[in-house]
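Participant: To start, I am sharing the structure in question, which I have written as structure tokens.
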Amino acid sequence: MAVGELLAGFASPSVSPLTAVGGAVIDAVPPGVKDWAVSVFGTADKAALLAGMALVIAVLAALAGVLEFRRGYRGAAVVGIFGAVGAVAVLTRAQMTPIAVALPLVTAVVAVVLLRFLIGKLREWNAGAPEPGGPGSSRRSFLQALAGTAAVSAVAGVLAGAWRGATTAVSEARARITLPVPASPAPPVPAGADLDVAGATPLVTPNREFYRIDTALSVPAVNPDNWALRVTGMVDREIQLSYGQLLAKPLTERHITIACVSNGVGGDLIGNARWLGWPVRELLALAGPHPGADMVLSRSTDGWTAGTPLEVLTDTRDALLAVGMNGEPLPLEHGFPVRMIVPGLYGYVSATKWVTELKVTTFAQDAGYWTPRGWSERGPVKTSSRIDVPRSGRPVSAGSVVFAGVAWAQHTGIGRVELRINRGPWREAELAAGLSADTWYQWKLAVDLTPGQYEVQVRATDLTGKPQEETERPPEPDGATGFHTVRVDVKS
Ligand SMILES: Nc1nc2c(c(=O)[nH]1)N[C@H]1C(S)=C(S)[C@@H](COP(=O)(O)O)O[C@H]1N2
Ligand SMILES: [Mo]
């Protein structure tokens, strides 16, 4: 169990095997039992649950030992079932990830190996056969194996606990933060920006549903009290900024849509949030970049880097050192305490989470994390559009069928969205008001369809009249292109 918890600490901070089973138990017990537990144990209810789980696990472990001793693999079967129950518990969790599902199974495999090893030693002792190491040596060997197992478990358990403690401390520090009121608030959402079509993508993505992409095996736990940002490299003055100093700056709040370069046509690695932060250009103006510098290499606590063109960070757009997301401090997964958000660029060249350094440099001298790995040095977001309803392959009834979705042309704005059916003529869709040129726009179009199969495609044109690229290309090296196509099955 300790090994499983330790692995979870690194690979799956929000759900470990134990917290998944505990959470599933909490969800499954009837409200009456929950009320009873709270009334008996008060705020120690979670500790009581964990103690109860420890008791059940100890009893099951003893049972597995006895069964395995009597007949090989019976105990292993008990452990296997236990691991499967853990995996099912993880599947019921909202924070479920493939790694989190695998961990109870890994835990069970470790437990079976240990069980078979220890029972083997016990059998040797119990057999009363001549002992190669002299009398009492098989007993000693069993006890040594047992003590070794206990010691390794204790170390793994303590490490897992320490890691969890660090994350908990950062979560608590985050909960105590009150974000300042922005000096420049987000412009109000224009009437008609939200077309409110059932099943369509919400205009602003809730934090919980926001896509997450990063290379971090464990979510960095960065305490805001120890956080500092350094501006280094080709600057007149190096700058160091604390979290408190950052919050004291006049902050700007804006709706900005960010997208991942790996987002395939029609994909969901894109989200729109209201970000609160300090404009990066103001920080850079204090540092004074040298002439000749053309890139800012931003670095996160875990060493990940992004190379952003200096001009994008110093022009009039709202590139932010962001501290807030939809009115809350950044969630840990989305870069707490501070990240970069740059309108118009894919995340891999701009949106550094857990950012701690901005190095002013040149493209000739430095490269961000993904550039030597085959991705383009520059990553402007390509104009694109998506059909969200009806879902591809889902049958709909004949008559007026409402198509709806989103379209984005970062930092330019969307001028027009059109649909075509079975490669027929393009028909213009209703385009909602945009929140800004830096966010996606909603669109919808009702089309009369008789029963049959249809292929429906969408195309966006930006406000300068430039249509999105038709040629189908994969995300690598600088973003996918092509029209999103859905197949609709219209029933009578
Ligand atoms: N520290 C760090 N920041 C990072 C990344 C990363 O791997 N490490 N990935 C980037 C990429 S590729 C994207 S698309 C965005 C995603 O941000 P999100 O997870 O908040 O949606 O974060 C960017 N910031
Ligand atoms: Mo990305």
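Participant: Do we have residue 34 as modelled with pLDDT under 85, within 19 Å of residue 17 (Cβ to Cβ), out of contact with any Leu (no Cβ under 9 Å at 6 or more places or on another chain) and of a type in the set (Lys, Arg) here?
Facilitator: no
Participant: Looking at 235, 265, 222, 231 in this structure, which one is closer than 21 Å to residue 383 by Cα and touching a residue at least 40 places away in the same chain (Cβ under 8 Å)?
Facilitator: The unique qualifying residue is 265.
Participant: Can I ask one more? If you take the residues in the range 352-370 that are at pLDDT 95 or above and within 13 Å of ligand 2 (Cβ to nearest atom), which one is farthest from the chain's Cα centre (by Cα)?
Facilitator: 368
Participant: State which residue pairs qualify: first residue at positive phi and inside the range 325-348, second residue more than 16 Å from ligand 2 (Cβ to nearest atom) in any location, beta carbons under 6 Å apart, and separation of 6 or more residues or different chains.
Facilitator: That search, which allows pairs on different chains as well, returns 326/207; 326/274; 344/411.
Participant: Quick test for you: out of 302, 268, pick the one residue that is more than 30 Å from residue 194 (Cα to Cα), assigned to a loop (DSSP other than H, G, I, E, B) and within 16 Å of ligand 1 (Cβ to nearest atom).
Facilitator: 302
Participant: Kindly state which strands (runs of 3 or more DSSP E) lie completely within the range 308-379 and contain at least 3 residues that are hydrophobic (A, V, I, L, M, F, W, C).
Facilitator: 320-325, 355-361
Participant: Among the residues of the range 14-33, is any touching an Asp or Glu at 6+ places or on another chain (Cβ under 6 Å) and among the β-branched types (Val, Ile, Thr)?
Facilitator: no
Participant: Hey, can you tell me all the residues within the range 196-219 that are within 16 Å of ligand 2 (Cβ to nearest atom), at pLDDT 85 or above and β-branched (Val, Ile, Thr)?
Facilitator: Result: 205, 213.
Participant: Within the set of pairs 6+ apart or on separate chains, which have a first residue in the range 118-132 that is modelled with pLDDT under 85, a second that is of a type in the set (Gly, Ala, Ser) and crowded, with 16+ Cβ neighbours inside 10 Å, and C-beta atoms under 7 Å apart?
Facilitator: 131/138
Participant: If you don't mind, there's one more thing I want to ask. Suppose we filter 312, 265 for residues that are of a type in the set (A, V, I, L, M), modelled with pLDDT of 95 or more, within 16 Å of ligand 2 (Cβ to nearest atom) and under 26 Å from residue 481 (Cβ atoms); which single one remains?
Facilitator: One residue alone meets the criteria, 265.
Participant: Check residue 51 against each of (1) farther than 18 Å from residue 27 by Cα; (2) at pLDDT below 90 and name the one condition it does not meet.
Facilitator: The failed condition is (1).
Participant: If you don't mind, another one. Just a yes or no: is a residue in the range 208-225 among the aromatic types (Phe, Trp, Tyr), assigned to a strand (DSSP E or B) and within 13 Å of ligand 1 (Cβ to nearest atom)?
Facilitator: Within the range 208-225, not a single residue is among the aromatic types (Phe, Trp, Tyr), assigned to a strand (DSSP E or B) and within 13 Å of ligand 1 (Cβ to nearest atom).
Participant: Further question on the same structure: Against the condition out of contact with any helix residue (DSSP H, G or I) (no Cβ under 8 Å at 6 or more places or on another chain), away from ligand 2 (no atom under 16 Å from the Cβ) and not hydrophobic (A, V, I, L, M, F, W, C), how does residue 347 come out, does it pass?
Facilitator: no
Participant: Let me ask something additional. Take the range 89-104 and flag every residue that is free of Cβ contacts under 8 Å to residues at least 60 places away in the same chain and among the aliphatic types (A, V, I, L, M).
Facilitator: 91, 101, 102
Participant: Also, I was wondering about something else. Sort through 392, 400, 385, 376 and tell me the only one that's over 28 Å from the mean Cα position of the chain (by Cα) and touching a residue at least 40 places away in the same chain (Cβ under 8 Å).
Facilitator: Unique residue meeting the criteria: 400.
Participant: For residue 411, state whether it is within 16 Å of ligand 1 (Cβ to nearest atom) and either surrounded by fewer than 20 Cβ atoms within 10 Å (Cβ to Cβ) or closer than 22 Å to residue 268 by Cβ (or both).
Facilitator: No, not satisfied.
Participant: Could I ask something else about it? Mind checking which residues of the range 420-438 are surrounded by fewer than 18 Cβ atoms within 10 Å (Cβ to Cβ) and among the charged types (D, E, K, R)?
Facilitator: Residues satisfying the conditions are 420, 423, 427, 428, 430.
Participant: Next question. Restricted to the range 459-492, and to residues that are in a strand (DSSP E or B), of a type outside the set (Lys, Arg) and touching an Asp or Glu at 6+ places or on another chain (Cβ under 7 Å), which residue is surrounded by the fewest Cβ atoms within 10 Å (Cβ to Cβ)?
Facilitator: Looking at residues that are in a strand (DSSP E or B), of a type outside the set (Lys, Arg) and touching an Asp or Glu at 6+ places or on another chain (Cβ under 7 Å), I get 485.
Participant: Would you pick out the residues in the range 62-91 that are assigned to a helix (DSSP H, G or I) and under 19 Å from residue 126 (Cβ atoms)?
Facilitator: Listed by number, the residues that qualify are 62, 63, 64, 65, 66, 67, 68, 69, 70, 74, 75, 76.
Participant: Taking residue 270 as meeting all but one of (1) within 16 Å of ligand 2 (Cβ to nearest atom); (2) closer than 27 Å to residue 179 by Cα; (3) touching a helix residue (DSSP H, G or I) at 6+ places or on another chain (Cβ under 8 Å), write down the number of the exception.
Facilitator: The single condition residue 270 does not satisfy is (3).
Participant: Right, something else. Exactly one condition in (1) away from ligand 2 (no atom under 16 Å from the Cβ); (2) over 27 Å from residue 459 (Cα atoms) is false for residue 307; which is it?
Facilitator: Residue 307 satisfies every listed condition except (1).
Participant: Considering each of 171, 141 in turn, give the residue that is more than 30 Å from residue 62 (Cα to Cα) and part of a helix (DSSP H, G or I).
Facilitator: 171
Participant: A further question on this structure: What are the residues in the range 141-176 that are of a type in the set (D, E, K, R), touching a Pro at 6+ places or on another chain (Cβ under 9 Å) and at pLDDT 90 or above, if any?
Facilitator: 174
Participant: Test of understanding: among 323, 349, 296, 338, which residue is within 18 Å of the chain's Cα centre (by Cα), β-branched (Val, Ile, Thr), more than 13 Å from ligand 1 (Cβ to nearest atom) and buried (at least 24 other Cβ atoms within 10 Å of the Cβ)?
Facilitator: Answer to the selection: 323.
Participant: Conditions first: (1) more than 16 Å from ligand 1 (Cβ to nearest atom); (2) surrounded by 14 or more Cβ atoms within 10 Å (Cβ to Cβ). Residue 256 passes all but one, so which condition is the exception?
Facilitator: The single condition residue 256 does not satisfy is (1).
The values are calculated or read from the model by the stated rules, or taken from the named source; none is laboratory data. Computed from a predicted model, the values in this text were never measured in an experiment. Methodologically, a virtual Cβ is constructed for each residue, glycine included, from the backbone with ideal geometry; neighbour enumeration extends over all protein chains shown.
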